[in-house]
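Colleague: The structure follows.
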Amino acid sequence: MRKLIVKCVTSGLALSTLSLAGCSFGAVGGPTATPTVSSAEVMKTAEAMAQATRDAATPTLSPTPVTPTATVPEVTNTPAATSTPSSPTVRANYNAYIRTGPDEAFDYVDFLLEGKTAQVLGRYENASNGTWWYIQPSGDGLSGWIWSGAVTFSGNQSSVPARQSPPTPTPGPTATSGQTATATGAAATNTPTPSAAP
C-alpha cells in the first residue's frame, strides 16, 4: 500500500498537508487503483482540512482610502424678522372717530376704519377717560385724536411726545328732545345724532 501526500495551496498559503491512507495506485497504463478508505477516515480527513483552513493565517488587507465628499449644509428657511416700526403706529380695532381734541367733548373730523393704521405723533393723558393718541392716518385722512381703547398700539410708547390738548369747546345752546338749534335762530330741526364709539 502506498501513501499519497497532497498539499493544498490557496492564495499562496499552505493550508494543509493531507495523507490519504489506504489508496493504492498503479503505474500509468498498469492496473487501476482501488480505494480502500473507510467513511471514518474520510470524515477525519475532512475535519483536518476544515481545521487547517480555520488555523491558516488570514492576510491583513490594507485599508482602502476613502475620498471625503463635500458636505452640503441643509438649507432652512429662516422666518423674516419682524421689526418694531421706526415710528409708533396704531391699528383700529373697530371703526372709530378721529376727534379735534382728546375727549368725547370734541367734534369728530374723520374715522379710522377697522384694521386701518395711522402713525402716532403725540399722546395726552386724560384724567377722566385715559390715554388719547394724536394720529396721522396712513394714506388719505385727517390728523386728530383717537381714544387708546379703540386701537392697538405698536412701537415704543415712551418715544411718543406728550401734546397739549386744545381748549375744550364751550357748549352751545342745548337742544331738547333730539332737536338741534340752527345758528340763525330759526326753528329747531330733527337731526339724527351719530352713534359711534368715542
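Colleague: Below 13 angstrom from the Cβ of Trp145, what's the summed charge of the other residues (Lys, Arg +1; Asp, Glu -1)?
Modeller: Neighbour charge sum, excluding Trp145 itself: -2.
Colleague: Can I ask one more? Could I have the simple spin-label model distance between Val37 and Thr168, label points 7 Å from Cα toward Cβ, reported in nm to one decimal?
Modeller: If labels sit at Val37 and Thr168, their model points lie 12.6 nm apart.
Colleague: Roughly what would the spin-label model give for Gln136 and Arg91, points 7 Å off Cα along C-beta, in nm?
Modeller: That separation, rounded to one decimal, is 2.2 nm.
Colleague: Of the listed peptides 152-159, 68-75, what is their order by residue-averaged count of other C-beta atoms within 10 Å, with the highest listed first?
Modeller: Going from most to least packed, we get 152-159, 68-75.
Colleague: Now for a separate question. Just add up the charged neighbours of Thr131: K/R +1, D/E -1, any other residue whose Cβ is under 15 Å from the Cβ of Thr131. Walk me through the numbers before you get to the answer.
Modeller: On the way: positive: Arg99, Arg123, Arg163; negative: Asp103, Glu104, Glu125.
My count for the surroundings of Thr131 gives 0.
Where a number appears in this text, it was derived from the coordinates with a stated rule and is not lab data. Quick caveat, the model's predicted, so the values are computed rather than measured. Neighbour counts are summed over all protein chains in view; Cβ atoms, including those assigned to glycine, are modelled from backbone coordinates with ideal geometry.
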